[in-house]
1. Based on this model, can you work out whether V301 counts as in contact with a Leu (Cβ under 7 Å, 6 or more places away or on another chain), outside any helix (DSSP H, G or I) and farther than 15 Å from Y203 by Cα?
2. How many residues are within 24 Å of N97 (Cα to Cα) and either touching a residue at least 40 places away in the same chain (Cβ under 8 Å) or out of contact with any helix residue (DSSP H, G or I) (no Cβ under 6 Å at 6 or more places or on another chain) (or both) if we restrict to segment 306-337?
3. Restricting to segment 51-60, name every residue that is in contact (Cβ under 8 Å) with a residue 40 or more places away in the chain and either farther than 20 Å from Q292 by Cβ or outside any helix (DSSP H, G or I) (or both).
4. Would you call T84 open to solvent by less than 40 Å² (accessible area, probe 1.4 Å), within 29 Å of T202 (Cβ to Cβ) and not basic (K, R)?
5. Show the residue pairs meeting these rules: Cβ distance below 9 Å; 6+ apart or different chains; first residue within segment 231-259 and open to solvent by 40 Å² or more (accessible area, probe 1.4 Å); second residue in a strand (DSSP E or B) and among the basic types (K, R).
6. With (1) out of contact with any Ser or Thr (no Cβ under 9 Å at 6 or more places or on another chain); (2) farther than 17 Å from W167 by Cβ; (3) β-branched (V, I, T) as the list, and T181 as the residue in question, which single condition is left unmet?
7. Would you be able to say whether some residue in segment 191-208 is open to solvent by 30 Å² or more (accessible area, probe 1.4 Å), modelled with pLDDT of 95 or more, part of a helix (DSSP H, G or I) and within 22 Å of M341 (Cβ to Cβ)?
Amino acid sequence: MKASGPSSIAARSLPATTRRRVVAWMHGLALVTLWVLPSLARAQTDPLPSWNDGAAKQAIMAFVKDTTDKTSPKFVEPEARIATFDQDGTTWVEQPNYAEAMFAFDRVAIELEQHPRLKLVEPFKTIMSGNQAAIARLTNEDLLKVAAALTHSGMTVDEFRTIVADWLASAKHPRFQRPYTELVFQPMLEVMQYMRANGYKTYFATGGGQDFVREYAQKVYGIPPEQVIGSAAETSFGYAKDGKAVLTKTHKMLYVDDKTGKPIAIHQMIGRRPVAAFGNSVGDQQMLEYVQAGEGARLMVLVHHDDANREYAYGPTSKVGTFSDALGAEAKKRGWLVISMKNDWKRIFSWE
């Protein structure tokens, strides 16, 4: 039955030529609608919009789909859906130095006034010299020593949190001139959100200081403090002047969450072997090996920094975030997924 409403009557009253133009225009509009709406729908349902369509993106999405589909042989029970992420170089910028190292350097002058004896010993002597070449040669162990002695000791955990929050609010990256909390890799943030939307718990397993990362992890990444595993110093229990119970940070390291320390800390803090792990350097290799050693579906990922224009390009010779040739060979041998920042990511930061 044909429509006979006002618009239909109005159309019949138009001249034939005009009616043909209107009909042609309506057909064209229908074709455009058929093309545009599915495209918009795809854009709205794409969980990883900052990724280029390619093998890396498809591998991540396939893993999540397979491990959450009850009909799939790779299905993972909800309670076992655990993914661990390194932070520095994996989820945010780590060049020219780790954010926490920059924080520690900023605290050196202030803290050395209270601990003048440290001026005479390494690595503090090198830092105070101002020799940038010598500072660049400091090892990860040196940096952890600085953090432990200058920013992780002699203060309560609440005092430390306040100092970190104040520093994050004012410090800016030397190249990008933005707060460090704005230098998060948008594609990796999307992966975290995508995995959580599918029942995964996302944990940090970072070589950075546990209390340092806990200060912003919830706000920046959506990872609560109890799901942050990092290098940690011992704390002592005591009482403040007002009689309240407090925890005070000491300079004695409890554990370093790097290399072989990562799977150990994961076991101690989580008690389950993750089914997915994301890293970017030689410090993450043992974590990926530990994850792969489990039964069932596994996802091991390395982020390769090869985009000097949008971020940085570095690898075997970098002391920060070293991606050695041996690590690359191991990834190829074991079938780990290596992400090219240059080729796999449409954008790196949310503000691009």
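1. No: the conditions fail for V301.
2. Qualifying residue count, segment 306-337: 21.
3. Those that are in contact (Cβ under 8 Å) with a residue 40 or more places away in the chain and either farther than 20 Å from Q292 by Cβ or outside any helix (DSSP H, G or I) (or both): W51, N52, G54, K57.
4. Judged against the criteria, T84 is a match.
5. Final answer for the pair search is E234/K249; E234/K252; T235/K249; S236/K249.
6. Going through (1) out of contact with any Ser or Thr (no Cβ under 9 Å at 6 or more places or on another chain); (2) farther than 17 Å from W167 by Cβ; (3) β-branched (V, I, T) one by one, T181 breaks only (2).
7. yes
To keep it simple, each residue is scored yes or no on (1) among the β-branched types (V, I, T); (2) surrounded by fewer than 13 Cβ atoms within 10 Å (Cβ to Cβ); (3) modelled with pLDDT of 75 or more.
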| residue | (1), (2), (3) |
| --- | --- |
| N140 | no, no, no |
| L143 | no, no, no |
| A147 | no, no, no |
| L150 | no, no, no |
| S153 | no, no, no |
| F160 | no, no, yes |
| L168 | no, no, yes |
| A171 | no, no, yes |
| R175 | no, yes, yes |
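The values are calculated or read from the model by the stated rules, or taken from the named source; none is laboratory data. Note that the structure is a prediction, hence the values are computed from the model and not measured. Cβ: placed from backbone, ideal geometry, glycine included. Neighbour counts: every protein chain shown. The protein model used for the area step is the full one, side chains on, heavy atoms only, and it has no ligands, DNA or RNA in it. Shrake-Rupley method; radii C 1.70, N 1.55, O 1.52, S 1.80 Å.
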